[in-house]
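Engineer: Pasting a structure below so you can have a look.
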Amino acid sequence: MELKAEYLIKEKDFSKLLSTLLKEKLVDKIIGAKVKVNKKSGEQDRFTVSPELWDDPKQSENFPLSNLIAYGYARTDSAGKYLHKSVEGANKERIGLIARPCDTRALIELAKIKQVNLDNLFIIALEDRGMVLKMSKEIKKIKDINPSKIVKEKIEDDKIVFLFKDGKKKELNIDVADNCTRCIRKTPVIADITISDVGLSIESEDLILKVYSENGNDLLEKSGIKFNKLDEKLKTKHESTLEKILKNSEEKRARDLKEWSELPQIEKLEKLKKCTMCGMCIRGCPVCYCVDCILQKKKKDKNIDNITYQLTRIAHDADRCIECGNCDNNCPMNLPLSLYFQSLNEVFKEKFKYSSGESIDDIPFRSACAIKEMELEK
């Protein structure tokens, strides 16, 4: 992507960008977000964010931005998955969506197999450190934190920081998702604009906004939002922080994959024996697109064991895996699924010079023949 401009905008103006997309008919709908509400108490669970389809500009007024940056969508949901399963891949409507870097890679892979129409998307991508998992469960262990008083959260190097209504802060030592600590692709591959809080303090009312397309410029102009050029001091801090995050991820990835490669194959297979074939990995995978899943059918027919179930899924998705970690994050048995896929991706880069989710023109080596034949038939 070619960077066209960098700005600072007020965090409160982010919802105005979303409403402008709808008001100005730049999109027909937006994949927005809502915070889960406890049905019994009526209180919000700010740690659980779900996607929601919007067509009314007013719906964007309370977009839970810091929640989405910190925790991502709940459970098996992701921007790419929701777009594919709930909005027909933007094949019939123009859709705006907020996407993590791994979401943008999923969009590339889905577009290759004609499941998503990239021309009908307006993509607002995040630059982030990764996600904190199971925060709702973790926060209950801490007596002196009232979640209803939290107004903002931010992930730092090895902690999450909460800002409260009274202006006080609280820091908790907590790690981001294990998969995210090994992610070496921290920036989106496609976007009209990106936003980031990296390099900014939790007290800051600003967001860093980068423009990558004419559609992005058009949105800013039509929004009427006041924005300032990103000054060199903050730009340097932002970029150096991103470089540090990437360096730490590269080192963690190298250590973990080396340790994984040295593990005997029999021990790797032993880990798969814990699989219950619950299907959460399939439900969470943003590049799984089959309407009728053969693995689910074989499980129903009791015609497959748990190791074959996982090995088949790994083989099926291997050259499409965009390393989002959703399979790993959602596995109730804590199988090291991201290590399986990341180790395979390293081999694919070395032997086939191929990385999934990077370019629409980069055809998966395993599927290349089938895709080329499909194109010739048109």
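Engineer: Is region 213-232 home to any residue that is of a type outside the set (A, V, I, L, M, F, W, C), closer than 19 Å to SER19 by Cα, touching a residue at least 24 places away in the same chain (Cβ under 8 Å) and in contact with a helix residue (DSSP H, G or I) (Cβ under 6 Å, 6 or more places away or on another chain)?
Structural biologist: Yes; the residues of region 213-232 include at least one that is of a type outside the set (A, V, I, L, M, F, W, C), closer than 19 Å to SER19 by Cα, touching a residue at least 24 places away in the same chain (Cβ under 8 Å) and in contact with a helix residue (DSSP H, G or I) (Cβ under 6 Å, 6 or more places away or on another chain).
Engineer: Also: Identify, please: which residue in region 350-362 is under 19 Å from THR104 (Cβ atoms) and of a type outside the set (Ser, Thr, Tyr) and is, among those, surrounded by the fewest Cβ atoms within 10 Å (Cβ to Cβ)? Don't jump to the end; show me each part of the working.
Structural biologist: Initial filter on region 350-362 (under 19 Å from THR104 (Cβ atoms)): 354-362.
Adding the requirement that they be of a type outside the set (Ser, Thr, Tyr) leaves 357-358, 360-362.
Details: GLY357: 28, GLU358: 15, ILE360: 14, ASP361: 7, ASP362: 16.
Among those that are under 19 Å from THR104 (Cβ atoms) and of a type outside the set (Ser, Thr, Tyr), it is ASP361.
Engineer: Quick one: which of GLY80, GLY130, GLY89 is at positive phi and assigned to a helix (DSSP H, G or I)? Talk me through it step by step, then tell me what you get.
Structural biologist: On the way: GLY80 fails: at positive phi; GLY130 fails: assigned to a helix (DSSP H, G or I).
Result: GLY89 is the single residue among GLY80, GLY130, GLY89 that is at positive phi and assigned to a helix (DSSP H, G or I).
Engineer: Can you find a residue that is hydroxyl-bearing (Ser, Thr, Tyr) and in a loop (DSSP other than H, G, I, E, B) anywhere in region 183-190? Can you show your working first?
Structural biologist: Of all residues in region 183-190, those hydroxyl-bearing (Ser, Thr, Tyr) come to 187.
Of the ones still in play, those that are also in a loop (DSSP other than H, G, I, E, B) are 187.
Yes: one or more hits.
Engineer: Could you figure out which of (1) touching a residue at least 40 places away in the same chain (Cβ under 8 Å); (2) touching a helix residue (DSSP H, G or I) at 6+ places or on another chain (Cβ under 6 Å) isn't true of ASN62?
Structural biologist: Every listed condition holds for ASN62 apart from (2).
Engineer: Here is a further query. Quick one: how many residues across region 236-283 are within 25 Å of the chain's Cα centre (by Cα), of a type outside the set (A, V, I, L, M) and open to solvent by less than 40 Å² (accessible area, probe 1.4 Å)?
Structural biologist: Of the residues in that region, 9 qualify.
Engineer: Please enumerate the residues belonging to region 1-25 that are surrounded by 17 or more Cβ atoms within 10 Å (Cβ to Cβ), hydrophobic (A, V, I, L, M, F, W, C) and outside any strand (DSSP E or B).
Structural biologist: PHE14, LEU17, LEU18, LEU21, LEU22
Engineer: Looking for something open to solvent by less than 30 Å² (accessible area, probe 1.4 Å), part of a loop (DSSP other than H, G, I, E, B) and on the phi < 0 side of the Ramachandran plot - is there at least one such residue anywhere in region 203-216? Give the steps one after another, and end with the answer.
Structural biologist: Keep residues of region 203-216 that are open to solvent by less than 30 Å² (accessible area, probe 1.4 Å), which gives 204, 207-211, 213, 216.
Still in the running and part of a loop (DSSP other than H, G, I, E, B): 204, 213.
The next check asks that each one be on the phi < 0 side of the Ramachandran plot; those that pass are 204, 213.
Yes: one or more hits.
Engineer: Would it be correct to say that TYR354 is assigned to a loop (DSSP other than H, G, I, E, B) and touching a His at 6+ places or on another chain (Cβ under 7 Å)? Give the derivation first.
Structural biologist: On the way: assigned to a loop (DSSP other than H, G, I, E, B): yes; touching a His at 6+ places or on another chain (Cβ under 7 Å): no.
Judged against the criteria, TYR354 is not a match.
Engineer: May I ask you to list the residues in region 155-182 that are in a strand (DSSP E or B) and β-branched (Val, Ile, Thr)?
Structural biologist: Listed by number, the residues that qualify are ILE155, ILE160, VAL161.
Table: residues versus (1) closer than 27 Å to LYS152 by Cβ; (2) touching a residue at least 24 places away in the same chain (Cβ under 8 Å).
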position	(1), (2)
SER41	yes, no
GLN44	yes, yes
ALA74	yes, yes
HIS84	no, yes
ARG94	no, yes
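The values are calculated or read from the model by the stated rules, or taken from the named source; none is laboratory data. What you are looking at is a predicted structure, and each value in this text was computed from that prediction instead of being measured. Cβ atoms come from the backbone with ideal geometry, glycine included; neighbour counts cover every protein chain shown. Note: areas computed on protein heavy atoms with side chains; ligands, DNA, RNA excluded. Shrake-Rupley method; radii C 1.70, N 1.55, O 1.52, S 1.80 Å.
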